[in-house]
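Worksheet: one structure, shown below.
Bear in mind that the values in this text are calculations on the coordinates, not laboratory data. Predicted, not measured: the structure shown is a model, and the values here were computed from it. With ideal geometry, Cβ positions are generated from the backbone for all residues, glycine too; neighbour counts draw on all protein chains shown.
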Amino acid sequence: MATEKRDDKENEAVKTDDGSPKIKPRPIVQLGIFLIAHSHVFSVVFSAAGIMALLLLPLLAKNTYISENALMPGSARSMLSHRDVSDGSKLVKDIKNLRLNHEGQGVEVQRLIGKYMSEMGAEVYYQKFHPEGNQFHPLHFFSGPDSYTLLGNVSCASYGVNVAGIIRAPRGDGKESIVLVTPYDSTNGGDYEALSLGIASSLFSLLARVTWLSKDIIWLVADSRHGDYRPVAAWLSEYHTPSFKASDLSKCDELNTSHSFRRAGTMAAALVLKVDGRSERFEDTLSIFAEASNGQMPNLDLINVANYLAVHRQGFYVKVEKVVSLLSSTWLKIVGELFEAVGKMAHTLNPDWNFGIPAADYLEGSATLASSLYSQALGIPTGPHGAFRDYQVDAITLKVSPRFSPDNTARQHEFFQRGAQLLEGTIRSVNNLLEKFHQSFFLYLLTSPGKFISVGVYMIAFALLVAPLPMVAASLYIDGCNALTKATHNPAENLKSWKWLDAAKQVLALHLLGFIVTLLPYFICQVPGEHSPTNRSIMWATTISSVLLITCVTIPGCSPFSSRLHGTNWAVLKSVTISAAFIGLCLMSIINFATAEIGALLLVPMCLMVRPIKPDLRSRSVKSLLRSLCSMVLVTIGFPVMFFAICKGLIGEGLVGLSLGGEFWTWLESLWAWKSATYLYIGMVHLPCWLLCLCILFHPS
Amino acid sequence: IFFLKMKILLLVMLLCYSFAFSSGDTTIHTNNWAVLVCTSRFWFNYRHMANTLSLYRTVKRLGIPDERIILMLADDMACNARNEYPAQVFNNENHKLNLYGDNVEVDYRGYEVTVENFLRVLTGRHENAVPRSKRLLSDEGSHILLYMTGHGGDEFLKFQDAEELQSHDLADAVKQMKEKRRFKELMIMVDTCQAATLFNQLQSPGVLAIGSSLKGENSYSHHLDSDVSALYYFMNGMYITIGVSVVDRFTYYTLAFFERLDIYDNASLNRSYDPRQLMSTAYYRTDLYQPHLAEVPVTNFFGSVMETIHTDSAYEAFSSRISNSKINADMPLDQHPEHDLKENLQNANNPNDDLKNEKQKCPYTQMRADLQEKLEKLENVDTMVNLSIAVMVLVVIVSSSLL
């Protein structure tokens, strides 16, 4: 700070010596200089404000509303008749009988469903697909979803069969369609799963005879023997990118599926219906899942419509996922009560201020928000609807939990009716649409099924959090340059603008390392032989260490641990590190906000606090010891594996030793397999920054 | 020279004639026209089309023929795939009254409904190729009903999600119409949000304006037809679930009123809308309109009730001239006090009608009769004649001195 001021004075002096008039800098420049000069204070203030804003988010949530005029949910009277519902019941009964008689005859169930569909007047076809596992393709990040390559020889033993039926809109132009998906595992699906077929069948029977369709309806019964996601993805891939090669599977089975894949128009929306487990509450429960890959969300209007109809028309209890463990956390409760008290106080001061919410609501909201943030940050879709998002189709999964056991046929009828009416209403709303969903939000976080936080609000928390980074970087750079100038005693040698080059080289080298590390798992997976995740993680760790060593040895000047006399100044190194972290975080916030937010929570305090511990330890004052301890703790938490362990611990699964490595490896593998950008972020932003912080921590200054 | 003088004399006489003709609203009512405009597209605006078709049905039932109705519909709801009743449009949930029945002649449809075309229809400035059926061929004796519905705001009405008709555009068009003598009386009926603001700039005499809502008010849809399906009226970011969409409240109650009328009814225009039913306040702008509303029968605009003259034989025009113009039928529904019973028009307290009764209706002598009537009506005929003679003398002196 002092140096900066002196610099300023010198500059002014030079100017006055020249005789030129003293130019007063512009206000914005003055402000910048002021901020940089007091960067310590401001960084603390901004970071605290950022965390505070994050905690305030549940308070700032707005009620959802239906933005698109054309939707008009719930305006139409349901036309579902008892005959439709009994059609559904009959299908469920037939499936149950079939499963009792033919154990394991998968194709029979599909045939039965197909028969029912065609009886209702739909166009039916079967699609076979390879249930191949998700392949590691690190270079296919952000590529299109059509990267499923068929392996050479696939045995006929394991393949899936999707059944799809299309109802054409009687007076529609056939250019648009609405998709209804019911995943069903024909071999070991429970009785609850069959109920979803019952609901869909009731609905389909209705839709086959109505006159108001403007979009075609596709009902896809996805064969979920190999997971929910894969069959839907395979069907979508075939729908959008037809393959003209004869599939190996066509000759596999008695089901003649060749040349019969039928299509309807562009998909306006897709609904995935699942029925599982018994509801714990008195009412039937409807859970809405919306997160697709990389934190992409469907248009909020789709959720609103489903939520509105479920709550106001069918009387479901609607919920979205929440982090249950947060509900019992004491500190969050205290924060909630604090906010409640503040809100009440504000209300007494001015009756127009109504921002306070009850502590219980706050707790619920933040638990839901945390879950929303986590699911988005993970970048893994929370259900088969994720496959639709890859084709820019808005889709949600509706998971219904009935409050009766599946054997209770008396209740089943009423349950089918309500489920089908909910879907009918939603489909009718989507049917009313004239354009794609575009009116409402795409970037939002949910704090309850009826409340959301839009991008304009939640970006503030992130912006406040990362705002100190450039300030501190600038301030450190000025400090570091002055220190260097003093150390060499030769101003001519140290061109001011080139001082950061050494540090930049080091930062670049570590980022390159991060890139290599990111690609490594792919090569490790190519290593022949079966390996447990633990083994793989050990292989990964050893390879990384060796690569790190090689980097240090072969490229002089880039070594983070070299103790050369004229090594880079740590302040400049930290400045460049912070700049890199800033750029990385800002880029990530565009790709996946939630990842960037959580990353910023970890990276920002770590980058701001870290400084060499050697001089701190030498000075032995309480303040500096505390400081070094702080930075040590932050750097420890910042290590991705460590953070993963802490998260697991918070959720309640204790992990120790090597199994932790294995778990972490599996987690990383899943990120990779789902093409999550979070994986790239960890490898190319977080890890290098963490390594650089480590370098600074052990800097020999 | 004499020949020239005669010509000048003739000219002066013609001038006098035209002066007498244009002074005052003494032109007789010759015919009725209706311009019915629905300005909004899309399925969720079903009610706007239903509004317009309701009015269309009414004016047609009350006697305006199709060639004198310009119907502008921005979208085709009847054939929309979302319509549960193909090729039918209803304005009521009981689906009894199909507004899209036989013989609906739509003059401007779909994307033809633009501000430009609308103004062209009003002002009559068409390209040569535009057929007569698409033109408003009214004359100085016409009564025109202009009905508009759609989404409006403060001093504007939205056309097709793309353009706006502003209040001064409308006022300008009306002024042009007045100057071109395209109407005798014009009634503008607008059913939109803040409809009253659309009339702010009107200045031309002979214009009666009725709007469904005042400034700052919304015009609400009447009720929800769950089969046709529509709801949610947008209002300043809030949603009110009152329903319809099959018809707007203002038009619904207007239509409910008209459905009880037939061509012989004498219900006057001076009916009141209940603000509680409308959920907005109906607005009348009468300062440009001379007659008292209570004296104007609705059929003045909504029907085509001409005076008819009984003749004993087809070609003997002057034998009898019994005007049976307005048959004073009893109101069929006495329980509706808002209907103002019109006094017998043949009463002596209406001098205009008495004059009309004396008119000769033979087409050959129409012109002369009109002129005669005009001259008769002028109180200061003597001064007029004196003035004319003075002018003639002046002209003669001037012309002779020039020659």
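Here is the list for segment B:33-109: trypsin sites (Lys or Arg not before Pro) lying in DSSP coil, each with at most 11 other C-beta atoms within 10 angstrom of its C-beta, are B:96.
Show me the chymotrypsin sites (Phe, Trp or Tyr not before Pro) within segment A:204-246 that DSSP assigns to loop and that have at most 10 other Cβ atoms within 10 Å of their Cβ. Answer by residue number: A:244. Legend: mean number of C-beta atoms from other chains within 10 angstrom of residue C-beta atoms, peptide B:75-83, equals 4.
Give me B:399, B:304 sorted ascending by neighbouring Cβ count inside 10 Å, so fewest comes first.
Numbers: B:399 14, B:304 20.
Fewest to most other Cβ atoms nearby, the residues stand as B:399, B:304.
Cβ-to-Cβ counts within 10 Å put A:689, B:193, A:586 in ascending order as A:586, B:193, A:689, the fewest first.
Of the GluC sites (Glu not before Pro) found in segment B:98-163, the ones in coil according to DSSP and having at most 10 other Cβ atoms within 10 Å of their Cβ are B:127.
Close amide H pairs (under 5 Å, H built 1.01 Å from N) link residue A:181 with A:220, A:271, A:272, A:273, residues at least 5 positions away or on another chain.
Per-residue mean of foreign Cβ neighbours for A:62-74 is 4 (Cβ atoms of other chains, 10 Å radius). Centre-to-centre, using Cα atoms only, segment A:394-423 and segment B:131-200 are separated by 54 Å.
Computed over Cα pairs, the Kirkwood radius of segment A:323-380 leads via Stokes-Einstein (1.567 mPa s, 4 °C) to a diffusion coefficient of 105 µm² per second.
Amide hydrogen proximity for residue B:32: with H placed 1.01 Å from N in the peptide plane, the residues at 5 or more positions away or on another chain lying under 5 Å are B:143. Judged by the mean number of other Cβ atoms found within 10 Å, the most tightly packed of the peptides A:193-202, A:473-482 leads the ranking A:193-202, A:473-482.
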